[in-house]
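Everything below concerns the one structure shown next.
The values are calculated or read from the model by the stated rules, or taken from the named source; none is laboratory data. The structure displayed is predicted, hence computed values, not measured ones. Backbone-built Cβ (ideal geometry, glycine too); neighbour counts: all protein chains shown.
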Amino acid sequence: MQKFFTSKYQQIKTIYTRYERWLMPTTLLVGFLVDYITFTNIQIEITLILLFIYWLITGGAIAFINFYDAQKISPKLKYLRLFAPLLIQFTFGALLGGSLIFYWFSGAFSISWPFIFIITVLMISNEVLRHYFLKPILQTSLYFFITISLFSIILPFLFHSLSAWLFILAGALSIIVFYLYINFLSFAYDKIKQQKNYFFVSIFAILIVMNLLYFTNIIPPIPLSLREAGLYHNITVSGKSYTMLAESENFWQRLIPTKTLHIKTGSVVYFYTAIFAPPKLNTTIVHHWQYYDEEKKDWISKNKLSFSVNGGRKEGYKGYSWNSKLAAGTWRIYVENQRGQVLGRIKFNIENATEQPKLQEIIR
């Protein structure tokens, strides 16, 4: 009977090894897709709970592998050991995908691309270089990066605030958790105990990089996200309804990223945004209007106009700013929070016109 089970295990292990190079990327992709579907279809609070559960499972699976390999766990769990890397790939895919989706939605790619690029590279590297990422120090470092990213997402929801102190607290909690976690793993694996200092150097390096990205405003202001933004010739508000007049565009004009507004001299240009914020979170949004000076070859700040946002609406909290006497040329508007973290940016051209262009009515 023992020989039968041993033979059966070897057969399953042979099949697993044969298809491992397909199973690993598949589970990573499935983890990402599950997370994307979850994020876009259910309440964010539930999404965060699921991400936290994935985080716990990941930590448990990494610990299990190290304890099993150190022969501190019964060999009867060999099937679980065989498939544990697939479980880690799935949860890594979900957790990295969750971070990517949150940070993508919450910032302008032109500003936040370095951090988004880091997450994307980690997702790809975790698959392409998976044999390296199975090494304890790299696996734990990736797990720490996921941890500080996740904590910096969860804490603003819990405390209904975008304070920089919450990001610092996320880093401090991550360090405490991993100090205990690495010491826990070192009891099982002598190699981890011998390299413990390298583990701490790695996580402190990640902590420093994350803080540099945050305080240079490359990391966007999670959990805020820009749902909609547009330029209009007029906006009138009636109750919760916004009636806006926009220049008529054909299909091909809508595909052009940089819009052109044709206005009479002295006319007013309105900038409308819809900002998502979770319930109970109240903050201030800034519309930072800038003009490109052809002589100085530089962007000149013209106005910073702000309004308050009260969270809770899935479609976003609506608000707008306006400017008159805009000079012909190239303009851009940054959508920021009070710290200067960027949610989005819109670039457009102003052309003087003698006649009013054809307008269409849009209601939001």
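Residue-level check: of (1) modelled with pLDDT under 85; (2) closer than 30 Å to residue 363 by Cβ; (3) within 25 Å of the chain's Cα centre (by Cα), residue 240 misses just (3). When the test is whether a residue is among the aromatic types (Phe, Trp, Tyr), in a strand (DSSP E or B) and either out of contact with any strand residue (DSSP E or B) (no Cβ under 8 Å at 6 or more places or on another chain) or crowded, with 17+ Cβ neighbours inside 10 Å (or both), residue 272 passes it. Counting only residues that are without any contact (Cβ under 8 Å) to a residue 40 or more places away in the chain and touching a Ser or Thr at 6+ places or on another chain (Cβ under 6 Å), segment 192-247 holds 3 of them. Checked against the criterion of being closer than 27 Å to residue 216 by Cβ, assigned to a strand (DSSP E or B) and in contact (Cβ under 8 Å) with a residue 60 or more places away in the chain, segment 292-302 contains not a single residue that satisfies it. Has segment 191-212 got any residue that is exposed (fewer than 15 other Cβ atoms within 10 Å of the Cβ) and more than 30 Å from residue 65 (Cβ to Cβ)? Checking segment 191-212: at least one residue is exposed (fewer than 15 other Cβ atoms within 10 Å of the Cβ) and more than 30 Å from residue 65 (Cβ to Cβ). Consider segment 319-364 and keep the residues that are among the small types (Gly, Ala, Ser) and closer than 16 Å to residue 267 by Cα. The one that is surrounded by the fewest Cβ atoms within 10 Å (Cβ to Cβ) is 324.
For segment 53-88, which residues satisfy the criterion of being farther than 16 Å from residue 141 by Cβ and either aromatic (Phe, Trp, Tyr) or under 22 Å from the mean Cα position of the chain (by Cα) (or both)? Once the filter is applied, which keeps residues that are farther than 16 Å from residue 141 by Cβ and either aromatic (Phe, Trp, Tyr) or under 22 Å from the mean Cα position of the chain (by Cα) (or both), segment 53-88 yields 53, 54, 56, 57, 64, 67, 68, 79, 83.
Pairing residues of segment 305-319 that are modelled with pLDDT of 85 or more with residues that are surrounded by fewer than 16 Cβ atoms within 10 Å (Cβ to Cβ), at Cβ distances under 6 Å and at least 6 apart in sequence or on separate chains, gives 306/284; 319/307.
Determine whether segment 243-265 contains at least one residue that is assigned by TED's automatic domain parsing to the domain that holds residue 344, within 22 Å of residue 306 (Cβ to Cβ) and either surrounded by 14 or more Cβ atoms within 10 Å (Cβ to Cβ) or of a type outside the set (A, V, I, L, M) (or both). Yes, that holds for at least one residue. From 158, 162, which residue is closer than 26 Å to residue 215 by Cα and in a helix (DSSP H, G or I)? Criteria check complete, one pass: 158. Within segment 351-364, at least one residue is more than 23 Å from residue 243 (Cβ to Cβ), part of a strand (DSSP E or B) and touching a residue at least 24 places away in the same chain (Cβ under 8 Å).
When only residues in segment 248-280 that are among the basic types (Lys, Arg) and out of contact with any Asp or Glu (no Cβ under 9 Å at 6 or more places or on another chain) count, which is nearest to residue 222 (Cα to Cα)? Here the residue is 280.
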